[in-house]
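Engineer: Below is one structure. I have some questions about it.
The values are calculated or read from the model by the stated rules, or taken from the named source; none is laboratory data. Just so you know, these numbers come straight off a predicted model, no measurement behind them. Reconstructed Cβ throughout: ideal geometry from the backbone, glycine too, with neighbour counts over all protein chains shown. Each accessible area value is taken on the protein alone, full model and side chains, heavy atoms only, with ligands, DNA and RNA left out. Shrake-Rupley method; radii C 1.70, N 1.55, O 1.52, S 1.80 Å.
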Amino acid sequence: MTFDWNYMFSLFSNMDFWAASWTVIKLSVLTWCISVVLGFLLALAKQSDKPLLNAPAQLYIWFFRSLPLLVLLIFVYNLPQMAPALSPILSNPFTAGLIGLVLSETAYVAEIHRGGLLSVPKGQYEAARALGVRYSGIQWLIIVPQAIRVALPTLTNEFITIVKLSSLVSVISLTEILMVGQRLYSQNFLVMETLTAVAFYYVIIVTVFDFILKRLEHYLDVTKRKQQRQPDEQMIEAVRAADEPVMRTMTESNGPALQAKQLHKAYNNVEVLGAVDLSIKPGEVVSVIGPSGSGKTTLIRLLNGLEQIDNGEIRINGQPFIQLRNTGPVNQRFIEHPEHRLDIGMVFQSFNLFQHLTVLENLLLAPRYHRLASREELTQRAQKLLLKVGMLEHLWKYPHQLSGGQQQRVAIARALMMQPQIMLFDEPTSALDPEKVNEVLQVIESLAEEGITMVIVTHEMNFAFKVSDRIVFMEKGRVVCDDRPDVLRNGGNPRVETFLRDVSLA
Ligand code: ADP
Ligand code: MG
């Protein structure tokens, strides 16, 4: 058997093949782009806890993954027989092919996205929420960029699958690469030569796009990025020289800055907080201490609305922030007045810096989102705050390039960017190496000296007794004792005394 090499090489300049390749590229790229967008929405719907969203999403994914693409393509192309109104759209094989491919691919891509979404830690979402960013903003600014990075290798793979599946579109008489080949070899019977050329065209398309998507993957992976920008000495000097206050001046008021009344919270019918009352005056620093599992984290998460209260009320400056409203004899509705959310800043145990953004971008994200000021003004404010927490030199770094203590100091600056009236800290040093604890405590102490209202959950007893105006001791979801540090230190409460003895022995 002979192989006609000359004929095969002549096919590389065959215009029909190039035209068909262009069709395949258009069809594949469009299918991929549309499915990536629709698949993301479908994945969000499937993750939603609203049955009205997740049930149809599940049904869609189940159905279109079960249906062979060939059947779907023929069905879509012939749909005008049933619905003649669709004829102008679907009688074009390219459009019909695109719709068939998108219907099917969206189901697969949604599952790929779901993997990406699941890989983004919950803390990223919570940090953005604590900064007052709303659902769509969180998805778009925080979740999508991180989820896409994780999903991209699999999405690239899916693109290759789409390129190859596009050969099926020949059944609805779209002239793609395989069909051009079939036409040729049915005339000249040079099957092997023609198919070799067909293979060549597919391999070229896949190779080019694989390369482009790999580049994109590399670009999006911040952990592979070397720190390119060096600290700008001039800028650092200028920020040092400008000695203006960055903190919000306190509003003089006699009422409590933050007030929680009769807070109740249960998980799975087990009470975690029972009737907690807390009142914090402007400028006051309150530490919350107590054994593990006593409900300290839950309390602080209720205070800024990261968890919903089961009963009670939270007020800020005398105004309702979170409350339950009766909507019937038995029904109560959880109401949050979001305008007060920005009055509270939150610092998490696990820092929760946005991993895909630099230090500066982490600080700018929320104030830019809320359009608090111009970019220049906000950048200046960010620089001053970074100077304050000793992180100005690290402006251009990504979180993974920083130590835990440095990350936490950036997280404090990020919360301060919103100029909150009250700062909440949930064990800000518990995730740190022992030698990094002090650098963070010093920053918090300096804030305390500036008169910022703070609630700090901590296991650092010396620190708590040094900086606090009041110490709240919690046990089994209740406030057991709420008093001045000097009173407690001098044996004001036997239970607290036992706890302190246990902690210092540990
Ligand atoms: P602390 O911060 O004082 O160690 P937490 O507020 O984290 O305590 O937890 C108080 C109790 O609530 C613990 O018994 C914990 O197991 C429970 N708990 C906290 N969060 C949840 C949750 N999401 N689901 C179920 N139980 C929870
Ligand atoms: Mg805790």
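Engineer: Hey, among GLU497, GLU450, GLU460, GLU445, which residue is among the charged types (D, E, K, R) and over 30 Å from LEU416 (Cα atoms)?
Structural biologist: Working: GLU450 fails: over 30 Å from LEU416 (Cα atoms); GLU460 fails: over 30 Å from LEU416 (Cα atoms); GLU445 fails: over 30 Å from LEU416 (Cα atoms).
After ruling out the rest, the residue left standing is GLU497.
Engineer: Next up: It is to be established whether one or more residues within segment 469-484 are aliphatic (A, V, I, L, M), surrounded by 14 or more Cβ atoms within 10 Å (Cβ to Cβ) and over 17 Å from SER279 (Cβ atoms). Step through it out loud before you land on a result.
Structural biologist: Restricting attention to segment 469-484, the residues satisfying the condition of being aliphatic (A, V, I, L, M) are 471-472, 474, 479-480.
Going one step further and asking which of them are surrounded by 14 or more Cβ atoms within 10 Å (Cβ to Cβ), we end up with 471-472, 474, 479-480.
Still in the list and also over 17 Å from SER279 (Cβ atoms): none.
Looking for residues that are aliphatic (A, V, I, L, M), surrounded by 14 or more Cβ atoms within 10 Å (Cβ to Cβ) and over 17 Å from SER279 (Cβ atoms), one finds none in segment 469-484, hence no.
Engineer: Please go through segment 465-506 and give me each residue that is of a type in the set (A, V, I, L, M, F, W, C) and part of a loop (DSSP other than H, G, I, E, B), ordered by number.
Structural biologist: Going residue by residue through segment 465-506, those that are of a type in the set (A, V, I, L, M, F, W, C) are 465, 467, 471-474, 479-481, 487-488, 496, 499-500, 503, 505-506.
Passing the criteria: only ALA506.
Engineer: Give me the pairs, please: first residue somewhere in segment 80-105 and touching a residue at least 60 places away in the same chain (Cβ under 8 Å), second residue anywhere and of a type in the set (Val, Ile, Thr) and open to solvent by 40 Å² or more (accessible area, probe 1.4 Å), beta-carbon distance under 7 Å, and either six or more positions apart or on two chains.
Structural biologist: Going by the 7 Å Cβ cut-off, the qualifying pairs are VAL102/ILE34.
Engineer: Just to check your reading of the model, which residue among ASN462, ASN438 is over 22 Å from the mean Cα position of the chain (by Cα), in a helix (DSSP H, G or I) and surrounded by 15 or more Cβ atoms within 10 Å (Cβ to Cβ)? Give the steps one after another, and end with the answer.
Structural biologist: Details: ASN462 fails: surrounded by 15 or more Cβ atoms within 10 Å (Cβ to Cβ).
Result of the check over ASN462, ASN438: ASN438.
Engineer: Please list, ordered by residue number, the strands (runs of 3 or more DSSP E) wholly in segment 284-381 having 2 or more residues that are open to solvent by less than 60 Å² (accessible area, probe 1.4 Å) and more than 16 Å from ligand 1 (Cβ to nearest atom).
Structural biologist: Working: elements: 285-289, 311-316, 319-326, 332-336, 344-347.
Of the strands (runs of 3 or more DSSP E) lying wholly inside segment 284-381, those with at least 2 residues that are open to solvent by less than 60 Å² (accessible area, probe 1.4 Å) and more than 16 Å from ligand 1 (Cβ to nearest atom) span 311-316, 319-326, 332-336, 344-347.
Engineer: Residue under question is VAL120, and the condition is that it be crowded, with 19+ Cβ neighbours inside 10 Å, out of contact with any strand residue (DSSP E or B) (no Cβ under 9 Å at 6 or more places or on another chain) and touching a residue at least 40 places away in the same chain (Cβ under 8 Å); does it hold? Even if it seems obvious, please write down each step before you answer.
Structural biologist: Working: crowded, with 19+ Cβ neighbours inside 10 Å: yes; out of contact with any strand residue (DSSP E or B) (no Cβ under 9 Å at 6 or more places or on another chain): yes; touching a residue at least 40 places away in the same chain (Cβ under 8 Å): no.
No.
Engineer: Is it fair to say GLN124 is more than 21 Å from TRP18 (Cβ to Cβ) and not basic (Lys, Arg)?
Structural biologist: For GLN124, the condition - more than 21 Å from TRP18 (Cβ to Cβ) and not basic (Lys, Arg) - is met.
Engineer: So, of the residues in segment 241-283 that are outside any strand (DSSP E or B) and either modelled with pLDDT of 80 or more or in the same structural domain as LEU424 (by TED's automatic domain parsing) (or both), which turns out to be nearest to GLU460 (Cα to Cα)?
Structural biologist: The first filter runs over segment 241-283 and keeps only residues outside any strand (DSSP E or B), leaving 241-257, 268-269, 281-283.
If we keep only those that are either modelled with pLDDT of 80 or more or in the same structural domain as LEU424 (by TED's automatic domain parsing) (or both) too, we end up with 255-257, 268-269, 281-283.
On the way: GLY255: 29, PRO256: 26, ALA257: 25, ASN268: 31, ASN269: 32, LYS281: 23, PRO282: 23, GLY283: 21 Å.
Out of the qualifying residues, it is GLY283.
Engineer: Taking the conditions exactly as written (assigned by TED's automatic domain parsing to the domain that holds LEU178, within 13 Å of VAL198 (Cα to Cα) and open to solvent by less than 80 Å² (accessible area, probe 1.4 Å)), does SER21 satisfy them or not?
Structural biologist: Values: assigned by TED's automatic domain parsing to the domain that holds LEU178: yes; within 13 Å of VAL198 (Cα to Cα): yes; open to solvent by less than 80 Å² (accessible area, probe 1.4 Å): yes.
The answer is yes for SER21.
Engineer: Considering segment 164-175 alone, what residues qualify as being at pLDDT 90 or above and buried (at least 22 other Cβ atoms within 10 Å of the Cβ)?
Structural biologist: SER166, VAL169
Yes or no, residue by residue, for (1) surrounded by 15 or more Cβ atoms within 10 Å (Cβ to Cβ); (2) of a type outside the set (D, E, K, R); (3) over 27 Å from the mean Cα position of the chain (by Cα):
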{"residue": "LEU70", "(1), (2), (3)": "no, yes, yes"}
{"residue": "ASN78", "(1), (2), (3)": "no, yes, yes"}
{"residue": "ALA83", "(1), (2), (3)": "no, yes, yes"}
{"residue": "ILE99", "(1), (2), (3)": "yes, yes, yes"}
{"residue": "THR106", "(1), (2), (3)": "yes, yes, no"}
{"residue": "ALA127", "(1), (2), (3)": "yes, yes, no"}
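Engineer: Quick one: in segment 382-431, of everything that is crowded, with 20+ Cβ neighbours inside 10 Å, in contact (Cβ under 8 Å) with a residue 40 or more places away in the chain and within 16 Å of ligand 2 (Cβ to nearest atom), which residue is nearest to HIS356 (Cα to Cα)?
Structural biologist: GLN408
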